[in-house]
Each structure stands twice: as structure tokens, then as C-alpha cells.
1. Consider PRO134 carefully, then state whether it is over 20 Å from ASP76 (Cα atoms) and out of contact with any Phe, Trp or Tyr (no Cβ under 9 Å at 6 or more places or on another chain).
2. With respect to LYS68, determine if the residue is out of contact with any helix residue (DSSP H, G or I) (no Cβ under 8 Å at 6 or more places or on another chain) and in the same structural domain as GLU135 (by TED's automatic domain parsing).
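The values are calculated or read from the model by the stated rules, or taken from the named source; none is laboratory data. Since the model is a prediction, treat every value here as computed from it, not as a measurement. For neighbour counting, all protein chains shown are included, and Cβ atoms are generated from backbone atoms with ideal geometry for every residue, glycine included.
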Amino acid sequence: MTTGGQSISSRQFIRERICRITKFWRWRAAAPPSFAKLVGTYGGEPVVAPAMREVPLESNGEALAFAKALFAGEFDMVIFLTGVGTRALLSVVETAYKREDYIAALQRVKVVARGPKPVAALRELGITPAITAPEPNTWRELLLAPR
């Protein structure tokens with residue numbers, strides 16, 4: 001193989017490319033160990049680190065205001081985009097209201113879930129979404145989902 005006018009082996013070419021890529025790549029700690037091993041095989045030094053971290057807010061005024069409005073019947077529909085967000089919202093609401101009251105309020109509105117993770121979180125509460133987005137579960141499919 002020739003690169004830049006010099007002949008190098010395929011293995012060396014791949015090693016150089018992977019090393020360059022891994023300088024910038026960050027992947028989740030849950031990434032398969034085989035990927036880190038592959039990077040090491042070609043001379044790279046894999047860095048396994050979370051790509052992001054969820055940090056709860058110190059003040060959850062907006063979430064509590066949402067719950068108050070939900071209890072007051074101000075919503076016809078509630079859309080859940082992530083499972084983590086669904087569970088986090090429940091945790092915040094439970095600091096001021098009873099879980100049973102929150103579940104009852106959700107059962108009075110049309111509940112929508114973007115994908116399988118919020119669906120699973122809602123089912124833990126005994127709620128089955130009226131609408132779910134088909135694969136690949138993006139906001140686009142959610143907008144096109146039958147009502």
C-alpha cells in the first residue's frame with residue numbers, strides 16, 4: 001500500500017488511522033471491551049470514559065410546576081422522550097406529591113412515548129402509552145405517528 005509516496009503495510013496503515021481516530025474518540029464505559037482490545041491491537045491507547053453524565057438540578061421548579069398543572073387538568077397530552085427523563089421526573093414529583101396521584105393524573109391524559117425506553121419506564125408505573133413512535137424512534141417518527 002502506498003501513502004504519501006511511501007510504501008507501508010496494511011497493518012501499519014490501519015494502526016496509524018486507528019491511532020488518529022482514538023485521539024478524539026470517547027465512548028461509553030459500557031462499550032464492548034472488544035473495541036478497546038481492537039484499538040490496543042493496532043497500537044492505540046483506548047480511553048474508556050462516559051460521553052456524558054446526567055446531573056440532577058438543584059432546583060426542580062419547572063418539574064413541580066408541570067406536576068401542578070398536570071394535576072389541575074391543564075394538559076391533554078404528555079410526551080415522554082427518554083426513560084431516564086421519565087424516571088427523573090417521577091423522582092422530582094414524588095418530593096411534593098404522592099406517586100399514586102401522579103399516576104392517576106397521567107392516566108387522565110393521552111400519554112405519548114418516543115421509544116422503547118420511555119415505554120418501559122411508563123410500564124413500571126402501570127401506564128401504557130396511547131402513542132409510540134415507530135423505529136428508529138426519533139422525533140420525526142413521533143410527529144408522523146398515528147393519533
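1. yes
2. Answer is yes for this residue.
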